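A.B. asks: Structure provided below as structure tokens; questions to follow.
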Amino acid sequence: MLDWRPDSRLLALCCAVGLSPSLASAAGFLFYEVGASEVGLASAGYTTRAASPSTLLANPAGMTQLQGTQVQVGSVLVYGHLRFAPDSQTDPGLGTNDGGNAVGLLPSGGAFATFAPSENLRAGVGVFTNFGAPESWDPAWLGRYYTTKTTLLGISIMPAIAWRIQEGLSVGATVNVMSGHLRQEVAIRNVEPQSADGKLEVSSNTWGVGANFGLLWSPQPTTRLGLTYTSPVKLNFSSAPSFSGLGPAISAVLAATGLDTATLDLGMKVPQTMTLGFSQAIDERWTLMGDVGWQNWAAFGAVEIGLTTSSDPKGLTTQINYRDTWHVGLGAQVKLSDPWRLNFGAAYDSSMTSDENRSLSLALANQLRLGVGAELAIDRHWDIAFSTELLLGGSPRVDVDRGPLAGRVSGSYAGTWILFGAFSFTWKS
């Protein structure tokens, strides 16, 4: 919905060079895979396990189950397969370069600490990333006029507190202070015959604040129910786009409209979520876990865009028609011996996009997660955990056409998958 009377030439130019649509559809992922246990269980029982300090993210109320001071540090390596396969509907003039694998080897991780100032009170703090992912295609790929590099990352600092109201019932809350990082590169097609492409770059950092709330209830010693709500986090990016390699015609239009010195403002929301989970001990060895969840990606699709020139500030809100997603997970933990525990699980997440509105830089469809891992209690002070998970993303179809300067790109990301490998250690006082 436009909230200003648009200058059609200016808006057309914005669409042509990617100022608005490319950034509005920047890659958005909200991962469960922060700790080794989450990876091995494919997030099953996310809100109820409360077995390590990373519970302050999954459910802050779970900190009341931890004794003394505990510190958890973990790393996650991510490798993805995201390769585009064009079809016959793609404009031949764009070439045949498929862009290569857009997601290579990526490091991630987090650190968490919890403290017990009194019998019923817990405090904690975490530093981690679970929002966003970088993607990079070959500079000459056929989708270069839509995107060549897309990075949207959120790094969170999360102080937390929890209170045991009575035996078996606890509540918790956190503040999510997120540092947002946005970078976008897109090629610009010059109109002069046989001229090389130009380039547009946008880079911006910002801060946003949200809150998480959790409830943990144990109606009996062998049963836990957990509920976690995470609020949206608003990220307001602002940047002066940088142009290079432009031909005389595009340069003249940019100068005439003031876009060569414009400031681009982009506001988006990390989606709010709600997750309900259970954990049920079957016997002394086996524990069954599961959860269902909701993520508000429709709000992420409502992107506020402002374009400020020296003489004519403009703004708009564009709706990308993302849809809310649903999650279900089921897993189990089995005690193999006193020090060893085995985790395994599976989870399913619905797609935030359809074939009609999927962008080249957000090529997600329905997701199936399969995880397995192990935990080892070395002694009363040290635990280690390691796990792996395979995320299968199907073959999402993409068909985009933004006019003659960008061309039509049609095809699919065939056989997408992401592999996670996680390791963590926990120290207990």
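A.B. asks: If the Cβ limit is 8 Å and pairs must be 6+ apart or interchain, which residue in the stretch 176-187 that is over 17 Å from G143 (Cα atoms) pairs with which residue that is of a type in the set (F, W, Y)?
C.D. replies: Pairs that qualify, where the first residue is over 17 Å from G143 (Cα atoms) and the partner is of a type in the set (F, W, Y), are V177/W207; M178/F131; M178/W207; S179/W207; G180/W207; G180/F237; L182/F237.
A.B. asks: Let me ask something else. Name the single residue that is farthest from the chain's Cα centre (by Cα) among those in the stretch 78-128 being over 25 Å from G394 (Cβ atoms) and among the β-branched types (V, I, T).
C.D. replies: Going residue by residue through the stretch 78-128, those that are over 25 Å from G394 (Cβ atoms) are 91-93, 95, 107, 109-128.
Next cut, among the β-branched types (V, I, T) only: 114, 125, 127.
Values: T114: 25, V125: 21, V127: 16 Å.
Among those residues, the one meeting the criterion is T114.
A.B. asks: Let me ask something else about it. Here are L364, L370, L419: which of them is surrounded by 16 or more Cβ atoms within 10 Å (Cβ to Cβ), within 24 Å of V34 (Cβ to Cβ) and out of contact with any His (no Cβ under 6 Å at 6 or more places or on another chain)? Step through it out loud before you land on a result.
C.D. replies: Details: L370 fails: surrounded by 16 or more Cβ atoms within 10 Å (Cβ to Cβ); L419 fails: surrounded by 16 or more Cβ atoms within 10 Å (Cβ to Cβ).
Only one candidate passes the filter, namely L364.
A.B. asks: Out of the residues in the stretch 242-265 that are within 29 Å of G208 (Cβ to Cβ) and modelled with pLDDT of 85 or more, which is farthest from the chain's Cα centre (by Cα)?
C.D. replies: F243
A.B. asks: So G208 ticks every box in (1) in contact (Cβ under 8 Å) with a residue 60 or more places away in the chain; (2) touching a Phe, Trp or Tyr at 6+ places or on another chain (Cβ under 9 Å); (3) closer than 25 Å to H181 by Cβ but one. Which box is left unticked?
C.D. replies: Of the numbered conditions (1) in contact (Cβ under 8 Å) with a residue 60 or more places away in the chain; (2) touching a Phe, Trp or Tyr at 6+ places or on another chain (Cβ under 9 Å); (3) closer than 25 Å to H181 by Cβ, the odd one out for G208 is (2).
A.B. asks: Hey, does the stretch 391-411 have a residue that's under 30 Å from Q67 (Cβ atoms) and either of a type in the set (K, R) or within 25 Å of the chain's Cα centre (by Cα) (or both)? Spell out the reasoning first.
C.D. replies: At the first step, the residues of the stretch 391-411 found to be under 30 Å from Q67 (Cβ atoms) are none.
Checking the stretch 391-411: not a single residue is under 30 Å from Q67 (Cβ atoms) and either of a type in the set (K, R) or within 25 Å of the chain's Cα centre (by Cα) (or both).
The rows are residues; the columns are (1) under 20 Å from Q67 (Cα atoms); (2) of a type in the set (S, T, N, Q).
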{"position": "I155", "(1), (2)": "no, no"}
{"position": "P159", "(1), (2)": "yes, no"}
{"position": "S203", "(1), (2)": "no, yes"}
{"position": "V209", "(1), (2)": "no, no"}
{"position": "L227", "(1), (2)": "no, no"}
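A.B. asks: Quick check on my filter: what residues within the stretch 176-227 are among the β-branched types (V, I, T) and under 24 Å from A133 (Cβ atoms)?
C.D. replies: Quick first cut of the stretch 176-227, residues among the β-branched types (V, I, T) only: 177, 186, 188, 191, 202, 206, 209, 222-223.
Within the stretch 176-227, V177, V186, V202, T206, V209 meet the criteria.
A.B. asks: Turning to a different aspect of this structure: Could you grab me the full set of residues in the stretch 347-398 that are closer than 20 Å to L77 by Cα and among the hydroxyl-bearing types (S, T, Y)?
C.D. replies: Within the stretch 347-398, S387, T388 qualify.
A.B. asks: When Q333 is evaluated against the numbered criteria (1) surrounded by fewer than 22 Cβ atoms within 10 Å (Cβ to Cβ); (2) among the polar types (S, T, N, Q); (3) touching a residue at least 12 places away in the same chain (Cβ under 8 Å); (4) within 30 Å of V73 (Cβ to Cβ), which criterion, by number, is the only one it fails?
C.D. replies: Among (1) surrounded by fewer than 22 Cβ atoms within 10 Å (Cβ to Cβ); (2) among the polar types (S, T, N, Q); (3) touching a residue at least 12 places away in the same chain (Cβ under 8 Å); (4) within 30 Å of V73 (Cβ to Cβ), the lone unmet condition for Q333 is (1).
A.B. asks: Is it the case that some residue within the stretch 144-151 is surrounded by 21 or more Cβ atoms within 10 Å (Cβ to Cβ), among the β-branched types (V, I, T) and more than 30 Å from G421 (Cβ to Cβ)?
C.D. replies: First pass over the stretch 144-151, keeping only residues surrounded by 21 or more Cβ atoms within 10 Å (Cβ to Cβ): 144-148, 150.
Imposing the further condition that a residue be among the β-branched types (V, I, T) reduces the set to 147-148, 150.
When the remaining residues are screened for being more than 30 Å from G421 (Cβ to Cβ), the result is none.
Checking the stretch 144-151: not a single residue is surrounded by 21 or more Cβ atoms within 10 Å (Cβ to Cβ), among the β-branched types (V, I, T) and more than 30 Å from G421 (Cβ to Cβ).
A.B. asks: Considering only the stretch 389-414, state which residues are touching a residue at least 12 places away in the same chain (Cβ under 8 Å), within 18 Å of N97 (Cα to Cα) and not hydroxyl-bearing (S, T, Y).
C.D. replies: Result: R397, V398, D399, V400, L405, A406, G407, R408, V409, G411, A414.
A.B. asks: Then there's this: Confirm whether P92 is surrounded by 24 or more Cβ atoms within 10 Å (Cβ to Cβ) and either touching a Pro at 6+ places or on another chain (Cβ under 9 Å) or not polar (S, T, N, Q) (or both). If you could, list the steps in order and put the result at the bottom.
C.D. replies: Working: surrounded by 24 or more Cβ atoms within 10 Å (Cβ to Cβ): no; either touching a Pro at 6+ places or on another chain (Cβ under 9 Å) or not polar (S, T, N, Q) (or both): yes.
Judged against the criteria, P92 is not a match.
A.B. asks: Continuing with the same structure: Out of (1) buried (at least 22 other Cβ atoms within 10 Å of the Cβ); (2) within 30 Å of G93 (Cα to Cα), the odd one out for G172 is which?
C.D. replies: Going through the list (1) buried (at least 22 other Cβ atoms within 10 Å of the Cβ); (2) within 30 Å of G93 (Cα to Cα), G172 breaks only (2).
A.B. asks: Out of everything in the stretch 385-429 that is among the β-branched types (V, I, T) and at pLDDT 95 or above, what residue ends up being nearest to I250 (Cα to Cα)? If you could, list the steps in order and put the result at the bottom.
C.D. replies: Initial filter on the stretch 385-429 (among the β-branched types (V, I, T)): 388, 398, 400, 409, 416, 418, 426.
Checking the rest, the ones that are also at pLDDT 95 or above come to 388, 426.
Numbers: T388: 49, T426: 57 Å.
Among those that are among the β-branched types (V, I, T) and at pLDDT 95 or above, it is T388.
A.B. asks: Among the listed residues I161, I155, which satisfies the condition of being buried (at least 16 other Cβ atoms within 10 Å of the Cβ), in contact with a Leu (Cβ under 9 Å, 6 or more places away or on another chain), aliphatic (A, V, I, L, M) and in contact (Cβ under 8 Å) with a residue 12 or more places away in the chain? First the steps, then the outcome.
C.D. replies: Values: I155 fails: in contact with a Leu (Cβ under 9 Å, 6 or more places away or on another chain).
Selected residue: I161, the only one of I161, I155 that is buried (at least 16 other Cβ atoms within 10 Å of the Cβ), in contact with a Leu (Cβ under 9 Å, 6 or more places away or on another chain), aliphatic (A, V, I, L, M) and in contact (Cβ under 8 Å) with a residue 12 or more places away in the chain.
A.B. asks: Kindly indicate which of P241, P221 is farther than 22 Å from L56 by Cβ and touching a Leu at 6+ places or on another chain (Cβ under 7 Å).
C.D. replies: Details: P221 fails: touching a Leu at 6+ places or on another chain (Cβ under 7 Å).
Residue meeting the stated conditions: P241.
A.B. asks: May I pose another question? Taking strands (runs of 3 or more DSSP E) that do not extend beyond the stretch 365-429, which have at least 2 residues that are among the hydroxyl-bearing types (S, T, Y)?
C.D. replies: On the way: elements: 367-377, 382-394, 397-401, 408-413, 416-428.
The qualifying strands (runs of 3 or more DSSP E) are 382-394, 408-413, 416-428.
A.B. asks: For the stretch 309-329, what are the residues that are assigned to a strand (DSSP E or B), surrounded by 17 or more Cβ atoms within 10 Å (Cβ to Cβ) and at pLDDT 65 or above?
C.D. replies: Once the filter is applied, which keeps residues that are assigned to a strand (DSSP E or B), surrounded by 17 or more Cβ atoms within 10 Å (Cβ to Cβ) and at pLDDT 65 or above, the stretch 309-329 yields T325, H327, G329.
The values are calculated or read from the model by the stated rules, or taken from the named source; none is laboratory data. Predicted, not measured: the structure shown is a model, and the values here were computed from it. Glycine gets a Cβ as well: all are built from the backbone with ideal geometry, and neighbour counts include every protein chain shown.
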